[in-house]
Amino acid sequence: MRKELSLMNPLFRIKEFFSKVSQLGGDLDTAGAEKRIRKGIWFRGANVWILTFAIIIASVGLNVNSTAVIIGAMLISPVMGPILGVGLSIGTNNINLMKLSFKNLLTMVLISLTASCLFFLLSPLNLADPTELEARTSPTIFDVLIAFFGGAAGIVENSRKEQGTVISGVAIATALMPPLCTAGYGLSEMDMHFFLGAMYLFIINTVFIATATYIGVKLLHFPDAGDAADHRRIRARKHLITTIFVLVMIPSFLTAYVMIRDNNFTNNVRAFVAENRVLGKTYIYDYAIVKEDGNKVYINLAGEPLTDDQRETLTGSAHKHHLKDNQFFLQEGALGMGDDKVNSLVENIYKHTDESILVRDAQINELRDRIDYLDSLLKTHLIDTVAVKDTVPVLPAVPKEPEAPVDVNKILDLIKK
């Protein structure tokens, strides 16, 4: 019995410690939180202009691939209000607040899409590699987690008596502005890949911020504004929320699975290449990963042809790194080129070598002619030819260098290096 008590006491103390540390208690002001959220719902006057300016700043950041500019836009954007209002209205069964929140959320989306679309239509800069825009077109379950916990931080921050800087951090973390700007870019380019992908990311952020707000409102015991007796309506609303929750989340699981699968495949290929970079007198000089019809990798080899043992070694190594036979292809040949290109390369090398030899022979003949001319001058203008021959050495004729055979294999080896 004493042993059990000695084991229970530490566990009880740990539980008591975490209970005291995590308890919100006197820090909460639910009435004040509701007023603040209601106030932030409206999109009129100054809020509309601030939203427009923030959208343009974020669009510039996306257009020039500048993360710092995008973060600056998220800091000043007032987009959190209507989304928190949706979660609050569902949690307190306030139908009028729900209608008002959705109305202002729709207004915010239309303003954002219009401003960003106009910007990208007028912008003279077209990026060849719009990485910041592309990053907002394939949301995953990780974006769901970011939105959910960001929304949880948002409702807790609003419920505190003393306001801090958490709301700004939530605005940055959940990244509500860039998806709307990317969707505007998709509209300006009539590119549904950008528009639909970005809007899906925005919907994920909206749904899960609102869901986290709803859960927070229930856990923090916000006062109910609806008719508690109408159980049927409340139950139907909960079923609707659950359905939306699941429908929005399922595609994110699929995209997360694809992202993780592609990332693992790339890491496996890199490990395989690092392990088999050189194999005898054959080496891997390049590889290409193709993601059409499943992941595939084409390994380009240079050097001597592979032996059967070397092929078995590479295949075994590929299997060890989880590369299947239908994903792994070896390509042998000089620089990965076909026979026609190889023959063309060799022909050009021969042609260049012959031209160099002709130029060198012409220079040698020109120098030989000059030497003969100088020798004839000496013989003509000196009085005593014999004395001249005794005292002045005659320059020897420059022997013609033998033409060395062209070693094509050496030239190809130099090109490979």
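The numbers here are math on the coordinates, done by the rules we state, and not lab data. Bear in mind the structure is a predicted one, so any value in this text is a computation, not a measurement. Please note: Cβ atoms are built from the backbone with ideal geometry, for glycine as well, and neighbour counts cover all protein chains shown.
Note that region 275-288 has calculated 3J(HN,Hα) couplings of 6, 10, 4, 10, 9, x, 9, 10, 9, 8, 9, 6, 8, 9 Hz, one per residue in order, obtained from phi through the Karplus relation 6.51 cos²θ - 1.76 cosθ + 1.60 (θ = phi - 60°); glycine and proline are x.
Computed from the C-beta positions of His319 and Tyr283, the FRET efficiency with R₀ = 30 Å rounds to 0.90. Fully extending the segment from Asp372 to Leu106 would add 86.1 nm, taking 0.36 nm per residue of separation and subtracting the current Cα-Cα distance.
When the Cα centres of region 259-288 and region 179-206 are compared, how far apart do they sit, in Å? Cα centres, region 259-288 to region 179-206: 35 Å.
Of the trypsin sites (Lys or Arg not before Pro) found in region 29-123, those that fall in a DSSP loop while having at most 14 other beta-carbon atoms within 10 Å are Arg44. Lys and Arg at +1, Asp and Glu at -1: add these up for the other residues within a Cβ distance under 11 Å of Ile90 and post the number. Surrounding charge for Ile90 is +3. Put a dot 7 Å past the Cα of Leu196, heading toward its Cβ, do the same for Ile50, and the two dots end up 3.6 nm apart.
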